[in-house]
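The values are calculated or read from the model by the stated rules, or taken from the named source; none is laboratory data. Because the structure is predicted, anything quoted here is derived from the model rather than measured. Note: ideal-geometry Cβ built from the backbone for every residue, glycine included; neighbour counts use all protein chains shown.
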Number of protein chains: 4
Amino acid sequence: VKVAFIGLGKMGAPMARNLIEAGHTLTLYNRTRARAESFAAQDAKVADTPATAVADAEAIITMLSGDRAVEETVIAPGQALEAAAPGTVHVSMSTISVALSRRLGTAHGQARQHFVAAPVFGRPDLAEAGKLFVMAAGPHAQIDRCRPLFAAMGQKTFVLGAEPPAANLAKLAGNFMISAVIESLAESMALVRKSGVDASTFLEALTGSLFTAPIYQGYGRMIAADTYEPAGFGLPLGFKDNRLLLAAAEEAGVPMPLASLVRDRLLGALAQGLGEADWAAFARLSLRDAGVVPSD
Amino acid sequence: VKVAFIGLGKMGAPMARNLIEAGHTLTLYNRTRARAESFAAQDAKVADTPATAVADAEAIITMLSGDRAVEETVIAPGQALEAAAPGTVHVSMSTISVALSRRLGTAHGQARQHFVAAPVFGRPDLAEAGKLFVMAAGPHAQIDRCRPLFAAMGQKTFVLGAEPPAANLAKLAGNFMISAVIESLAESMALVRKSGVDASTFLEALTGSLFTAPIYQGYGRMIAADTYEPAGFGLPLGFKDNRLLLAAAEEAGVPMPLASLVRDRLLGALAQGLGEADWAAFARLSLRDAGVVPSD
Amino acid sequence: VKVAFIGLGKMGAPMARNLIEAGHTLTLYNRTRARAESFAAQDAKVADTPATAVADAEAIITMLSGDRAVEETVIAPGQALEAAAPGTVHVSMSTISVALSRRLGTAHGQARQHFVAAPVFGRPDLAEAGKLFVMAAGPHAQIDRCRPLFAAMGQKTFVLGAEPPAANLAKLAGNFMISAVIESLAESMALVRKSGVDASTFLEALTGSLFTAPIYQGYGRMIAADTYEPAGFGLPLGFKDNRLLLAAAEEAGVPMPLASLVRDRLLGALAQGLGEADWAAFARLSLRDAGVVPSD
Amino acid sequence: VKVAFIGLGKMGAPMARNLIEAGHTLTLYNRTRARAESFAAQDAKVADTPATAVADAEAIITMLSGDRAVEETVIAPGQALEAAAPGTVHVSMSTISVALSRRLGTAHGQARQHFVAAPVFGRPDLAEAGKLFVMAAGPHAQIDRCRPLFAAMGQKTFVLGAEPPAANLAKLAGNFMISAVIESLAESMALVRKSGVDASTFLEALTGSLFTAPIYQGYGRMIAADTYEPAGFGLPLGFKDNRLLLAAAEEAGVPMPLASLVRDRLLGALAQGLGEADWAAFARLSLRDAGVVPSD
């Protein structure tokens, strides 16, 4: 498939590489052109603008930092949407708002193009390994058309429905559920540590019994060690995703008190100087509140 | 090992059976004698009182409904503690408070007996299968002495430390972490359902990707169907365990806002008539708050 | 003073009337012209557009429903800001966001005009009586210039500082504090009612002792009677103000868990069909959660 | 009236003095006898035990630190309840649990004595001035009998009902409502301070407009100055009252999320070393969370 790949960050770069290796023809665009050029040796073209990148693409994949970047690169006058041919499918794989997803669906429809939302679960290591989990939603025919692409980047694709925002919502809800795991580990570890129980021993008991999902191990180790750097997924990004979730919940009319609690934790963590750390660093607030670790 | 087994409820009965089958010699006591007598065919003695049950036991296992039952059966004048011989080990396997665990440790010590706390994770089906997870804490020599017993009842034993309350705390914290899973699923499902996404499809995407631990499947199905009966673990028991957790947190001086949120959910669920349901029924409150399901 | 008064709703109309009665010369603009024309007998001019309204005004007062209305009437091309003369002062008296207040300050400055933020506390009855409380912020000279206007509409003016957003923040924080009063009354009344204590007797004891501020009486009576209509200040407006507060808190980096709790209450009240009621209607959720009143 | 007055702490001492000055005949008991003896000059008898204190009293007033002290002094074998004559009325004026109030009602009834719960609002300065607010509940005839006593100690008496626990509940709910005032002030002040608005100016605007009750002034000044010493009402006492409230709410089946939030604040304040301060010191946590003040 001829793919215009836009956005070569920590996640986008390995995803693009896996597509090239799977035999797809890629034209790359990245705001900082140097990142795109490092792919040149691998026989991928580099475009100067989103518009030239998509000129003769069958599929456009965006893997950008957020709503604004997608708006600027795709929707703004003279950008990808205007330049793409009818029939092109835009696959939005980064975490964007439900509202923007809806707007993209409409806009591409008016241009006789197609839109599929396909955000992913997985950190850069899973992206490298082509083992991401793809949450897809959109017209079934278009999703089928994208399956070879998903297969090159991910280990499994889940179809959430025919309306693209369903996938964005599932992704945001999934991130929220991770934040609940972090908060529950944080409060538990504050309790056991202050009570004189070794945090690692406790974590082993949890992950060896009921809490076998790898996220419990991954985040549990960070929290047991109270060390959140280097950041796999930065705190400001986690805050952004929480904000998108709460916006979707507000629009839908759904109170989510646990999501609100996490919001205040993330906001507090930023206010207390943890903005450079992994988003799991809001766990430290539980330890601080309990006086288990000193405040800085 | 000669075991006095006290408490033959939904969990205790299959645990006792597995001990008998593993070749241990059991004397049984249950407040309602009939439940104990159903074991007679299996060559176990039945005692009339806790005191006679423990008379020549090497180990006493209690699997009772809560603190009060343990106090009445073990600590009260004329009960198990007074009747047991020096050197006997009491293994408390039900979920009791950290404070009572500490008190039992002291009381048995004064009687030159031993005390091991060994609460378990797992519902009756795991108890039947001898696949419980045992969270044990106490003097290492005593834990080693109990290993054949644990092996007959569980699939894995985790040692939390030399102080018995460590195991009770780990168990309470584990239950709290399950409650966080329930709340996060509840809020997420309220959101996706109200937004028109199928709850089961969403659940499949979660459990097939990052949330692979079986608890997500088990509770997720209940919540997706909004059906919480029959109760595997009743709501009042869940509320009791939450109360014990918050008491331990208060004693230790650890604020746990997520545990407080769950407390209010459980209290609300009881107030709204869900006391007969599984404890996961507090998930319905998220659906009600969002107007997704009507209130009764 | 020659005043262009824009926005003649429940609050704006009596405020304008009081200005006219105090001898100021008013030109009125309201989107629905009929509302403005009802003032004609009182010797006030009616303008067709914001631009014509402000043409020779010394002061522009806006009392509009929210940010969008202010943007459309003041900032948009061809509207009040462009039409007003240098030296004119714009006094924004409705509840708008901190961000818009900042933007207005800059925009008026660039047009060599002045900007004062002066939102008010008080419901329509206080507006009628000219007894509003004015929270003002802006350059001191400009505030002094506006004092005769404030004196006609309010009983007291508080100066929060030289930066206009300070007043908007104070107003939003004040509304938040009212919401805290409502929530505390709601939880307390759910408790005493369910415990068999008469809610009105309890309220009398509160308001006769420590809680003497009239808001406790006003809201307390609504909640004791569980009756929130007719709406003095509608729930959607209350939700909007809470959202503006949380946005300001997010921008400033301040976690406000009680404001988050109120957010979820307001969102739940909207989801449960209380959108037509006074914003205090979120108190009903405490009664519902406790099973004191049935859900509809 | 012949009164046995038990408990001469910061509150009890001035209350007893006011009774003496009003012409009542007092016999005093205090665990530390010296405190009682300082009254001797004022022509009051001092008793060695609660039992001798009540021997020929018509009314017994207890103003003790908590449930345990009341149990030990009144209910325990050989104490006040056994020693008092039939017909005596016990007036419990300190803040005790709803459960103990119920138990006292029953116990005094069995001894053909009477019980009135009459906790008070007001700090030591109001106690000195005889200006406390009395929340009374119990049989009407008994309350009438106590009115001369209440008149000597307080400025107003509110009758909550015929069941004594109603008064205890009202008192606990009132304290909870104060804690809501503190939390709302704390979050607001964190917001305005971090946004560059002067906290005292903001407070003046609040207390000069809608929030006229003196508690807003009193607590507002503490929080604006972030200074909570000397403690008028200590943090551990505030925590105890919050615990009693949550226990009453649990018994009644009423979720109180704002009370839970305050619980976690109080617990956090204790954990972070604020145990010597006034209970309003939990306000500092809002300032710390926002990074407005450093942690110690």
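So which of C:Ala280, C:Ala269 is away from chain B (no Cβ under 12 Å), in contact (Cβ under 8 Å) with a residue 24 or more places away in the chain, in a helix (DSSP H, G or I) and surrounded by 22 or more Cβ atoms within 10 Å (Cβ to Cβ)? When all the criteria are applied, what remains is C:Ala280.
Residues are listed down the side, and each one gets a yes or a no for (1) at the interface with chain C (Cβ under 8 Å from one of its Cβ atoms); (2) in contact with a strand residue (DSSP E or B) (Cβ under 9 Å, 6 or more places away or on another chain); (3) within 22 Å of D:Phe5 (Cα to Cα); (4) touching a residue at least 40 places away in the same chain (Cβ under 8 Å):
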residue: D:Phe133; (1), (2), (3), (4): yes, yes, yes, no
residue: D:Gly154; (1), (2), (3), (4): no, yes, yes, no
residue: D:Thr157; (1), (2), (3), (4): no, yes, yes, no
residue: D:Pro165; (1), (2), (3), (4): yes, yes, yes, yes
residue: D:Leu172; (1), (2), (3), (4): no, no, no, yes
residue: D:Val181; (1), (2), (3), (4): yes, no, no, no
residue: D:Ala186; (1), (2), (3), (4): no, no, no, yes
residue: D:Leu191; (1), (2), (3), (4): yes, no, no, yes
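Against the criterion of being of a type in the set (Val, Ile, Thr), closer than 22 Å to B:Phe121 by Cβ and assigned to a helix (DSSP H, G or I), B:Val74 does not qualify. Checking the structure you have, find out if any residue of region A:235-251 is assigned to a helix (DSSP H, G or I), free of Cβ contacts under 8 Å to residues at least 12 places away in the same chain and at the interface with another protein chain (Cβ under 9 Å from one of its Cβ atoms). Yes, region A:235-251 contains a residue that is assigned to a helix (DSSP H, G or I), free of Cβ contacts under 8 Å to residues at least 12 places away in the same chain and at the interface with another protein chain (Cβ under 9 Å from one of its Cβ atoms).
If the condition is being hydroxyl-bearing (Ser, Thr, Tyr) and either assigned to a helix (DSSP H, G or I) or at pLDDT 95 or above (or both), then region B:1-59 contributes B:Thr25, B:Thr27, B:Tyr29, B:Thr49, B:Thr52. Just a yes or no: is a residue in region B:78-88 surrounded by 14 or more Cβ atoms within 10 Å (Cβ to Cβ) and within 30 Å of A:Leu191 (Cα to Cα)? The answer is no, given that none of the residues of region B:78-88 is surrounded by 14 or more Cβ atoms within 10 Å (Cβ to Cβ) and within 30 Å of A:Leu191 (Cα to Cα). Among the residues of region D:135-152, those that are in contact (Cβ under 8 Å) with a residue 12 or more places away in the chain, of a type outside the set (Lys, Arg) and more than 9 Å from chain C (Cβ to nearest Cβ) comprise D:Ala136, D:Gly138, D:Pro139, D:His140, D:Gln142, D:Ile143, D:Cys146, D:Pro148, D:Leu149, D:Phe150, D:Ala151, D:Ala152. Is it true that some residue in region B:69-91 is under 18 Å from B:Gly130 (Cβ atoms) and modelled with pLDDT of 95 or more? Within region B:69-91, one or more residues are under 18 Å from B:Gly130 (Cβ atoms) and modelled with pLDDT of 95 or more.
With the structure loaded, tell me whether D:Arg112 is of a type outside the set (Ser, Thr, Tyr) and either part of a helix (DSSP H, G or I) or buried (at least 16 other Cβ atoms within 10 Å of the Cβ) (or both) or whether it fails that test. The answer is no for D:Arg112.
Residue under question is C:Ala129, and the condition is that it be over 26 Å from C:Glu82 (Cβ atoms), at pLDDT 95 or above and surrounded by fewer than 23 Cβ atoms within 10 Å (Cβ to Cβ); does it hold? Spelling it out, C:Ala129 is indeed over 26 Å from C:Glu82 (Cβ atoms), at pLDDT 95 or above and surrounded by fewer than 23 Cβ atoms within 10 Å (Cβ to Cβ). Has region D:92-99 got any residue that is assigned to a strand (DSSP E or B) and modelled with pLDDT of 95 or more? Yes, that holds for at least one residue. A single entry from C:Ala44, C:Ala22, C:Ala57, C:Ala34 fulfils the requirement of being among the small types (Gly, Ala, Ser) and farther than 22 Å from C:Pro124 by Cβ: C:Ala57.
Just one of the numbered conditions (1) hydrophobic (A, V, I, L, M, F, W, C); (2) within 23 Å of the chain's Cα centre (by Cα); (3) more than 10 Å from chain D (Cβ to nearest Cβ) is not true of C:Ala199: (2). Residues that are away from chain B (no Cβ under 14 Å) and at pLDDT 95 or above were ranked within region A:208-233; the one that is surrounded by the fewest Cβ atoms within 10 Å (Cβ to Cβ) is A:Ala225. Among the residues making up region C:150-173, those that are buried (at least 23 other Cβ atoms within 10 Å of the Cβ) and not polar (S, T, N, Q) are C:Met153, C:Gly154, C:Leu160, C:Pro164, C:Pro165, C:Ala166, C:Ala167, C:Leu169, C:Ala170, C:Lys171, C:Leu172, C:Ala173. For the condition among the hydrophobic types (A, V, I, L, M, F, W, C), assigned to a loop (DSSP other than H, G, I, E, B) and within 8 Å of another protein chain (Cβ to nearest Cβ), what is the one hit in A:Val254, A:Val293? Criteria check complete, one pass: A:Val254. Within region A:163-173, not a single residue is of a type in the set (S, T, N, Q), closer than 23 Å to A:Asp67 by Cα and in contact with a His (Cβ under 8 Å, 6 or more places away or on another chain). Scanning region B:199-215 for residues that are in contact with a Leu (Cβ under 8 Å, 6 or more places away or on another chain) and not in a helix (DSSP H, G or I) yields a single hit, B:Ala213. Taking the criterion of being buried (at least 24 other Cβ atoms within 10 Å of the Cβ) and touching a residue at least 60 places away in the same chain (Cβ under 8 Å), the residues of region B:48-66 that qualify are B:Ala59, B:Ile61.
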